[in-house]
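Enquirer: Please see the structure below; I have some questions.
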Amino acid sequence: METKNRDTIIETALDLFAIQGYEATGIQEIVDKAGITKPTMYHYFGSKRGLLDAIIGEHGRKLYEIIDRGATYNHDITMNLTILARETINFALGDQAFYRLFTALSSTGPGSQGYIASQTLRDDINARLEHLFAEAAADHGNMKNREKAYARTFFGVVNAWALLVINREIELNDATLARIVHQFMHGIFS
């Protein structure tokens, strides 16, 4: 029962945060929808922020693991970027509520609780991608000292395409993946 209550609270809050936003969702709404009491929620998470931290910790760890595997440099940056785009978008398709929430939190003001809560995951993802681009710079000298910009830009491009896919505006297929990587590597006028 303990694990079931905890999981129910997490999934209920995640769905509400993804639809309404973290700031706009109240504790009472979460507990009512989860069918539990406030003391039960506080027992597991201590606060609304503690609940958000648990969501980011559990779901975000899975996203980071996908990025970590895809960013293992194999001396073919195009292949790495294709793998990263495919696996990140597949993650977004499989965990749409979390992906929407993470994207929204990353876009809120730097002083907001949601932005602060998601900072570590963003930093970890950015650092891993920066490391990939630093390794690739050994094979592609013109990339040197641009790792930070490349990491942020690539993840931004993938996020934009992931939202197009999960909103069913486009379909994820090999041609889409090629367009994503091509757009990042060559720009929009190529």
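Enquirer: Working only within the range 26-43, note down all residues that are surrounded by fewer than 18 Cβ atoms within 10 Å (Cβ to Cβ) and assigned to a helix (DSSP H, G or I). Walk me through how you get there before you give the answer.
Expert: Of the range 26-43, the ones surrounded by fewer than 18 Cβ atoms within 10 Å (Cβ to Cβ) are 26-29, 32-33, 35, 37-40, 42-43.
Once the filter is applied, which keeps residues that are surrounded by fewer than 18 Cβ atoms within 10 Å (Cβ to Cβ) and assigned to a helix (DSSP H, G or I), the range 26-43 yields I27, Q28, E29, D32, K33, K38, P39, T40, Y42, H43.
Enquirer: Related question: What residue, of D174, D139, D124, is out of contact with any Pro (no Cβ under 9 Å at 6 or more places or on another chain), charged (D, E, K, R) and under 19 Å from H75 (Cα atoms)?
Expert: Details: D174 fails: under 19 Å from H75 (Cα atoms); D124 fails: under 19 Å from H75 (Cα atoms).
Only one candidate qualifies: D139.
Enquirer: Further, regarding this structure: Looking at (1) surrounded by fewer than 15 Cβ atoms within 10 Å (Cβ to Cβ); (2) without any contact (Cβ under 8 Å) to a residue 60 or more places away in the chain; (3) not hydroxyl-bearing (S, T, Y), can you tell me which one E23 breaks?
Expert: (2)
Enquirer: Ok, one more. What pairs come up if the first residue lies in the range 161-190 and is part of a helix (DSSP H, G or I), the second is at pLDDT 95 or above and basic (K, R), and their beta carbons are under 6 Å apart, counting only those six or more places apart or on different chains?
Expert: Note: pairs meeting the criteria are L177/R86.
Enquirer: Residue check: is R86 under 30 Å from G141 (Cα atoms) and buried (at least 17 other Cβ atoms within 10 Å of the Cβ)? Explain how you work it out, then say what you get.
Expert: Values: under 30 Å from G141 (Cα atoms): yes; buried (at least 17 other Cβ atoms within 10 Å of the Cβ): yes.
Against the criterion (under 30 Å from G141 (Cα atoms) and buried (at least 17 other Cβ atoms within 10 Å of the Cβ)), R86 qualifies.
Enquirer: Same structure, new question: All but one of (1) out of contact with any helix residue (DSSP H, G or I) (no Cβ under 6 Å at 6 or more places or on another chain); (2) under 30 Å from I89 (Cβ atoms); (3) among the hydroxyl-bearing types (S, T, Y) hold for S47; which doesn't?
Expert: The failed condition is (2).
The values are calculated or read from the model by the stated rules, or taken from the named source; none is laboratory data. Keep in mind that this is a model prediction, so the values were computed, not measured. Please note: Cβ atoms are built from the backbone with ideal geometry, for glycine as well, and neighbour counts cover all protein chains shown.
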